[in-house]
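S.K.: Below is the structure I would like to discuss, written out as structure tokens.
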Amino acid sequence: MNKNLLLLLFAFLMFQSSFSQEEEKTEQTKKTPDTDSLTQKMEGEGVTFEEVTKKENINPLAPSKAAFYSAILPGLGQIYNKRYWKAPIVWGALGTSIYVYSFNNTEYRRARNAFKRRLAGFADDEFYDINGDGSGPDVSSEALQEAQESSQRDRDLALVISIALYALNIIDANVDSHLKQYNVSDDLAVDFNPYIEINPFTNRPNYGMAMVIKF
């Protein structure tokens, strides 16, 4: 029996042994057929996969809790996630939008009440004789109508922004809680290492680079 035939037989036995080991490993880890075929194909191209190490336990209820806390009190979900620096930002953004809404709503009511009294024929609203010199209306009815419409637009816009910020506060707490549970340790890496193997058919060495994925 010549040398090449022995090498071929040895390579076949090694391939059979590695295939059996891979099959046992596949059954133990309960991988899907698509994942197995993809892994085998990539390993054949010089890609090395290493076992995943679970660093921390995952709490599936944490994102829901964070969102619930932020829904009850904006910023509380960020505190639950230990992102304390985000809470003042949430409070400041929501507080500003609520203040703008309240201010414009007050101005809208003032202009609306004065305009309604003008239409009813009264001359005793707060904008009629501001200086008290009896010279007539200091603010015209047209100006009151325009001020009423402008304040209403600004008030409605502030309301929409307030609702959007409130929803964003809940979404941020939920997503941030999800991201906190991801394994982002130093073990996550991609590296390239040289490798060499003997071709069982030609009995010649094959050189290349192996991509090592650690996750």
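S.K.: Extending each Cα 7 Å along its Cβ direction at T202 and E149, get the distance between those two points in nm, one decimal.
M.R.: Reported label-point gap for T202 and E149 is 8.3 nm.
S.K.: Less than 15 Å from a label point 7 Å out along the Cα-to-Cβ axis of S102: which backbone N atoms in region 144-166 qualify, by residue?
M.R.: Within reach of a label on S102, which here means backbone N under 15 Å from a point 7 Å along Cα→Cβ, region 144-166 contributes 159, 162.
S.K.: Further question on the same structure: Give me the accessible area per residue for region 64-147, probe 1.4 Å, as a whole number in Å².
M.R.: Heavy-atom accessible area per residue stands at 64 Å².
S.K.: Related question: Which ³J(HN,Hα) values in Hz, rounded to whole numbers, follow from the phi angles of region 83-96 under the Karplus curve 6.51 cos²θ - 1.76 cosθ + 1.60, where θ = phi - 60° and Gly and Pro get x?
M.R.: 9, 5, 5, 7, 4, x, 5, 4, 5, x, 5, 5, x, 5
S.K.: Moving on. Using 1/(1 + (r/R0)^6) with R0 = 35 angstrom and r between the beta carbons of R109 and L179, what's the FRET efficiency to the nearest 0.05? Don't skip to the answer; put the middle values down first.
M.R.: Working: r = 44 Å, r/R0 = 1.26.
Once rounded, the FRET efficiency stands at 0.20.
S.K.: Note down the nm distance, to one decimal, between modelled labels 7 Å out along Cα→Cβ at A120 and at E142.
M.R.: 2.5
The values are calculated or read from the model by the stated rules, or taken from the named source; none is laboratory data. Worth saying up front: this structure is predicted, and the values here are computed from it rather than measured. Ideal geometry is used to build each Cβ from the backbone, glycine not excepted, and the neighbour counts take in all protein chains shown. Just the protein is used for accessible areas: all its heavy atoms, side chains included, with ligands, DNA and RNA removed. Shrake-Rupley method; radii C 1.70, N 1.55, O 1.52, S 1.80 Å.
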